[in-house]
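These notes are about the structure you will find just below.
The values are calculated or read from the model by the stated rules, or taken from the named source; none is laboratory data. Note that the structure is predicted; figures quoted are calculated from it, not measured. Using ideal geometry, Cβ is built from the backbone for each residue, glycine included, and neighbour counts are taken over all protein chains shown. Calculation scope for accessible area: heavy atoms of the full protein, side chains included, ligands and nucleic acids excluded. Shrake-Rupley method; radii C 1.70, N 1.55, O 1.52, S 1.80 Å.
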Amino acid sequence: MRQIILDTETTGLRVDDGNRILEIAALEMIDRKIVAEHTLHLYINPGRDSEEGALGVHGLTTEFLSDKPKFAAIVDDFLSFVAGSELIIHNAPFDVGFLNAELGLLGRGKITDYVASVIDTLAMAKDQFPGKRNSLDALCDRFEVDRSARVLHGALIDCELLAEVYLALTRGQDSLLIDFQPETSSGGAAGVSASGIARKPLKVLLPTEDELAAHDTYLNDLDKIVKGQCLWHAIENPAPTETGTAQ
């Protein structure tokens with residue numbers, strides 16, 4: 001599966017207030033490795049000012065964005081880049097909501113019409129670390145991902161950080177990619193594992209006569225309690241069939 005780490009920056013927090021996307025970044029990842037030469041990074045003229053709080057986060061001024069293309073001008077390049085991929089986004093409902101709004105204004109449907117699926121790393125982190133802070137910054141600290149170069153939020157650097165966080169969140173899945181060879185026996189004695197390390201045969205401990213007697217006494221007491229034959233007795237002494245043989 002071709003995966004795309006994706007992030008957006010917007011003019012404000014609420015898409016319902018008419019806020020727009022002003023930056024998109026996307027990194028391609030194949031076989032859990034970032035394809036450095038295949039990166040999408042676009043600044044977009046949103047056609048409106050950023051809210052004060054959002055501007056303090058990303059620092060992209062109206063003046064800086066004034067000569068950048070509108071979303072309509074980059075939509076084909078963007079959709080071509082992500083087509084058929086699995087999107088990996090931190091707090092996916094936020095970015096997906098804004099992407100759907102932009103596509104909707106152009107009559108281009110929804111982002112899920114173009115990609116195979118969407119993974120929300122925030123939801124993944126909440127499952128793994130319930131009750132803890134799971135912002136991208138918090139996860140970077142938890143997984144010791146260096147974020148010293150991140151002064152302001154930017155879509156591209158956030159994608160780079162998220163890629164490392166995602167790999168850390170899913171590190172246990174690496175074992176699924178390892179070919180596993182079943183153990184083989186050698187002369188019926190010691191087994192040899194897939195790693196080539198000899199293993200001694202397992203030691204089987206059998207119950208003593210006293211232990212068997214105590215077990216039988218316990219089952220008989222259970223028979224009295226349930227006023228019939230307990231399950232273990234039924235298994236050990238199955239009822240005869242019509243031909244007189246046990247099933």
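Under the rule a/c < 1.5 gives rounded, and otherwise a/b versus b/c splits prolate from oblate, where does region 1-113 land using the Cα gyration tensor? Cα axes put region 1-113 in the prolate bin.
Got a number for carbon plus sulfur as a percent of region 78-132's accessible area, 1.4 Å probe? List each step's numbers first, then the result.
Numbers: 1350 of 2480 Å².
With neighbouring chains kept in place, the figure for region 78-132 is 54 percent.
Label-to-label distance for Ser148 and Leu212 is 7.1 nm, based on points extended 7 Å past Cα in the beta-carbon direction.
Farthest towards the positive end of the charge dipole of region 34-151, among the residues Ile74, Pro130, Ala101, is the Cα of Pro130, using unit charges on the Cβ of Lys, Arg, Asp and Glu.
Residue order by solvent-accessible surface for Glu9, Glu160 is Glu160, Glu9, largest first, with ligands and nucleic acids left out and a 1.4 Å probe.
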